[in-house]
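Below is one structure, written out as structure tokens; the observations come after it.
The values are calculated or read from the model by the stated rules, or taken from the named source; none is laboratory data. Predicted model only: the values in this text are computed from it and were never measured. In this analysis, Cβ positions are derived from the backbone assuming ideal geometry, glycine residues included, and neighbour counts consider all displayed protein chains.
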Amino acid sequence: MHQTPPASALGRIPRVNVEIRGLNMAYGEAWHRQQVITDLDLDVPAGQMTVVIGPSGCGKSTLVNIIAGFEKPDSGIVRVDGQPVTGPGHDRMVVFQETALMPWLTVRQNVSFGPQLRGEMDRATLRAEADRLIDKVGLREFKDKYPLQLSGGMQRRAELARAMINQPKLMIMDEPFRGLDAMSRELMQEFFLKLFEENRRTNLFVTSEIDEAIFLADRLVVLSTRPATVRSVIEIDLPRPRTYAMLASEKAFDYKREALDILHQEAMKSFKMGSGQSDFLEAYAKRAQ
Amino acid sequence: MAVASPSRSTFGGFRSSLGGALTNPTFWRGIVALIGFALFWELCSRSKQMFGVQVPWIGMVPPPSDVLGAWAKVVTEPGYWQSWYLSLNRVLAGFIAAQIVGIPFGLALAVNRYFRDIFFPPFEILRPIPPLAWVPASLIFWPTNEMSIAFVTFLGAFFTVVINVLGGARTINVQYLRAAQSMGASQWDLFWKIILPGTMPSIFTGAAVGMGITWEVVVAAEMISGGGTRKGGGLGFFIWNSYMGGSLEQIVVGMISIGIAGYLCSSAIRYLGFAAMPWRRLF
């Protein structure tokens, strides 16, 4: 897979289907054993934004780790473009919850990290490609800064550039905008959506924010409470390019109601089970009004 | 840009340039504090002859003016500088050996499970033994006094270095490792490109703490071993000798000399850390 990225990546993004079949995962030994994912089937269709939403602590991050190849499931299979996933690989890039930029590398060094490691490009090409992507995420002035010198939103954009330079077939976003303040969060959602609508790279986006989910999604996958399984798939039929105004439409409101109903039921279930997610319950009850 | 420019930043109080120090209020406050402290000490030491009342403890210490006088005399004697040289040599020998052995050992403990399972338990049993408890064994182990002192000094820093490196390497954010793995990093890459730079801050913390301990140990070891050569046995022996000779001023000269030597050594480490970790200069 030594594919030299073109001067402009547009139109050359590989489109792949991701299939997840019969996933089961448990942690712990013997009587401490806890099922985290149970019989989970999920499709991430090529060129679409599939958003996974579920109660906090339901096993979303475990799902991400399995798809990325960081963890092996107890049973079940993940196929990318028909090929079973056996470990981490640069065909699947994860943007993590907290920033995972190496603090000892500058923005440009971070962005160049992957191709440099694999020795794919000569120095000049790599530099040009890194600079192009850094420009694209609007960090031109910050190329030579270290991650800790950037704001939270800038860090996430640098991370997007670091992922994109590897030309992944699948982008996995694990609650990437969590921890940002409301303002930067909205800006990042819009920015990220623009990127996606430009190149239509197959995308799996994990979140626990309903508005974010509907704003971004082509398909909204609602997970159950732990152990996670797919409760419902909602096709989000809102026009693209999306705008925030669309969230106020009747259609969007219906999607939100539908998803929240399921999430609410799930939250009630886990609440009754005594897993103590009352804060979550409260938050969603407020939002549903 | 809401980013502080690095030229105005401090790193553990260390200034990036002398010019920066001279315009820095922290630097001047430090100078004033030192002068104020010396004046207070002078007053307390002379309280008996000035007011007829002796201040407890500090009243028994010779005043700084007398100490400076003793110092002025001592600096012309080669034995004093010989003491500096000998102690510094021992500290550096033990310290550098501790880094050379301790950093790879700590990293190996951190990255290899089998290595850790085998070597960590004996390490943990040996670690609480104070370096000075090693002095008799060390005198038996090594043919010369000099080597015994260096060995005890080495031990003083070694355990601290290893514990810091181990802790630092074990607490590297797993996401860095995962991100690198996704991008195609081999085990070799993970070690050199993630674990080593990620452990750097702890390596320098270990070095700074270890440097302090080597000074403590070297001085005590010199006092115990009697110094070795007749020309002068290091600053520890210098103090001991002054005590035996009944010169209170010289004792204080020796003590402050050690303070200055230790400060110079930790400044050197801070400077190295500052140079080696540009990403830590931001605050």
From B:Ser186, B:Ser202, which residue is in contact with a helix residue (DSSP H, G or I) (Cβ under 6 Å, 6 or more places away or on another chain) and either under 23 Å from A:Ile66 (Cα atoms) or buried (at least 18 other Cβ atoms within 10 Å of the Cβ) (or both)?
B:Ser202
Residues that are away from chain A (no Cβ under 11 Å) and of a type in the set (S, T, N, Q), drawn from the range B:171-194
B:Thr171, B:Gln187
All but one of (1) under 30 Å from B:Ser138 (Cβ atoms); (2) over 18 Å from the mean Cα position of the chain (by Cα); (3) modelled with pLDDT under 90 hold for B:Ala221; which doesn't?
(2)
Scan the range B:263-281 for residues that are modelled with pLDDT of 90 or more and among the aromatic types (Phe, Trp, Tyr) and jot them down.
B:Tyr263, B:Tyr271
Has the range B:249-265 got any residue that is within 14 Å of chain A (Cβ to nearest Cβ) and either surrounded by fewer than 17 Cβ atoms within 10 Å (Cβ to Cβ) or among the acidic types (Asp, Glu) (or both)?
no
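Could you say which residue among A:Ile67, A:Ile20 is among the aliphatic types (A, V, I, L, M) and under 12 Å from A:Val230 (Cβ atoms)?
A:Ile20 is the lone residue from the list that is among the aliphatic types (A, V, I, L, M) and under 12 Å from A:Val230 (Cβ atoms).
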Going through the range B:195-214 one residue at a time, which ones are at the interface with chain A (Cβ under 9 Å from one of its Cβ atoms) and either on the phi > 0 side of the Ramachandran plot or free of Cβ contacts under 8 Å to residues at least 40 places away in the same chain (or both)?
B:Pro197, B:Gly198
Report yes if B:Gly168 is on the phi > 0 side of the Ramachandran plot and within 14 Å of another protein chain (Cβ to nearest Cβ), otherwise no.
no
Only one of A:Ala158, A:Ala252, A:Ala213 that is in a helix (DSSP H, G or I) and not assigned by TED's automatic domain parsing to the domain that holds A:Pro73
A:Ala158
Tally up the residues in the range A:16-30 that are touching a residue at least 40 places away in the same chain (Cβ under 8 Å) and surrounded by 13 or more Cβ atoms within 10 Å (Cβ to Cβ), please.
10
Residues in the range A:203-210: is at least one within 13 Å of the chain's Cα centre (by Cα), in a loop (DSSP other than H, G, I, E, B) and hydroxyl-bearing (Ser, Thr, Tyr)?
yes
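Okay, residues lined up against (1) surrounded by 15 or more Cβ atoms within 10 Å (Cβ to Cβ); (2) at pLDDT below 90; (3) in contact with a Lys or Arg (Cβ under 9 Å, 6 or more places away or on another chain):
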site: B:Met50; (1), (2), (3): no, yes, no
site: B:Val55; (1), (2), (3): yes, yes, yes
site: B:Pro62; (1), (2), (3): yes, yes, no
site: B:Ala72; (1), (2), (3): no, no, no
site: B:Val75; (1), (2), (3): no, yes, no
So, in the range A:216-249, exactly how many residues are assigned to a helix (DSSP H, G or I) and without any contact (Cβ under 8 Å) to a residue 60 or more places away in the chain?
5
Every pair of residues 6+ apart whose Cβ atoms lie under 6 Å, when the first sits in the range A:144-172 and is at the interface with another protein chain (Cβ under 10 Å from one of its Cβ atoms) while the second is in a strand (DSSP E or B) and of a type in the set (A, V, I, L, M)
A:Glu159/A:Val95; A:Ala163/A:Met93; A:Ala163/A:Val95; A:Asn166/A:Met93; A:Pro168/A:Met93; A:Ile172/A:Val94; A:Ile172/A:Leu204
